[in-house]
Amino acid sequence: MTSPDKPPIVVIACQVFQSLLEALIPDGVAEHFTFLDYGLHRVPKKLTWSLQDTIDEVEEPSLIILGYGLCGNGLKGVKANQHTLLIPRTDDCIAILLGSYKKYIQEFESSPGTYYLTKGWLESGSNPYQEYMEYKEKYGEEDATWIMDQQYQHYERLVFVAHSVEDLEEYRPQAQEVAEYCKRWDMRYEEILGSDIYVRRLIEIATALDKADDEFLVIPPGGEIKQEMFLR
């Protein structure tokens with residue numbers, strides 16, 4: 001239960017983190033969970049509006065855990081209003097799934113031309129193969145191929161990141177279907193089993209904000225999320 005001198009904890013997060021957060025947050029710590037659709041990240045402005053609406057629906061001043069990275073500026077402009085917001089300081093969900101921003105940078109430095117797949121992005125149809133199919137239906141095969149080549153010809157690696165062995169096995173067929181399509185650009189396919197360390201730290205800090213470090217952002221009441229807060 002929340003102590004009288006601390007605000008209640010509310011979780012608003014992307015569905016990609018639902019099983020992790022529900023498993024790792026002890027009973028009674030969070031008063032309410034809301035998990036928003038994977039597909040919102042495809043239209044960042046839509047993500048901004050949806051997050052703001054969901055935050056504004058929380059009536060009591062609360063500490064709100066936002067289970068998102070900056071997500072294509074989808075968090076830019078979101079206002080805390082009467083609440084305090086706690087956010088992982090990452091560009092997107094990849095660093096969170098890998099376990100740290102440091103691990104994300106290590107992967108970037110070893111292979112900068114990497115396109116990442118996640119369970120959420122596969123389920124929402126946000127991947128090169130699905131994009132090609134959508135473009136093909138809309139513009140025809142020749143134009144669709146040209147558009148895709150412009151977007152993806154410089155990538156060298158396709159990586160499926162999952163936070164459990166079960167997810168790796170369940171979503172591997174979909175990931176490999178995307179990988180087969182991406183062979184047109186000679187992308188090699190790899191899999192990474194992620195870590196829950198970042199999510200565990202997020203939960204720990206939510207119960208003790210004084211432990212927050214530069215891996216997290218704490219937006220006070222009246223504050224607003226700005227893009228430069230995520231720059232390192």
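The values are calculated or read from the model by the stated rules, or taken from the named source; none is laboratory data. Only a predicted model underlies this, so the values are computations on that prediction, with no experimental measurement involved. Cβ: placed from backbone, ideal geometry, glycine included. Neighbour counts: every protein chain shown.
Some points to look at:
- Selected residue (criterion: modelled with the highest pLDDT) from residues of the stretch 25-73 that are in contact with a Lys or Arg (Cβ under 9 Å, 6 or more places away or on another chain) and closer than 24 Å to Arg232 by Cα: Thr48
- The stretch 158-192, residues that are modelled with pLDDT of 95 or more and small (Gly, Ala, Ser): Ala175, Ala179
- Cβ-Cβ contacts under 6 Å between residues 6 or more apart (or on different chains), taken from a first residue in the stretch 145-172 that is exposed (fewer than 13 other Cβ atoms within 10 Å of the Cβ) to a second residue that is aromatic (Phe, Trp, Tyr), are listed as Gln153/Trp185.
- Any hit, the stretch 96-113, residues being part of a strand (DSSP E or B), within 16 Å of the chain's Cα centre (by Cα) and in contact (Cβ under 8 Å) with a residue 40 or more places away in the chain: no
- Within the stretch 144-198, the residues that satisfy the criterion of being part of a helix (DSSP H, G or I) and among the polar types (S, T, N, Q) are Thr145, Gln150, Gln151, Gln174, Gln176.
- In the stretch 87-103, the residue that is modelled with the lowest pLDDT out of those that are surrounded by 22 or more Cβ atoms within 10 Å (Cβ to Cβ) and not polar (S, T, N, Q) is Cys93.
- Exactly one residue out of Ile147, Ile96 is among the β-branched types (Val, Ile, Thr) and touching a Pro at 6+ places or on another chain (Cβ under 9 Å), and it is Ile96.
- Filtered residue count, the stretch 25-54, keeping only those that are more than 21 Å from Asp91 (Cβ to Cβ) and not polar (S, T, N, Q): 10
- Qualifying positions in the stretch 204-232 - in contact (Cβ under 8 Å) with a residue 60 or more places away in the chain, among the hydrophobic types (A, V, I, L, M, F, W, C) and in a loop (DSSP other than H, G, I, E, B): Ala212, Ile225
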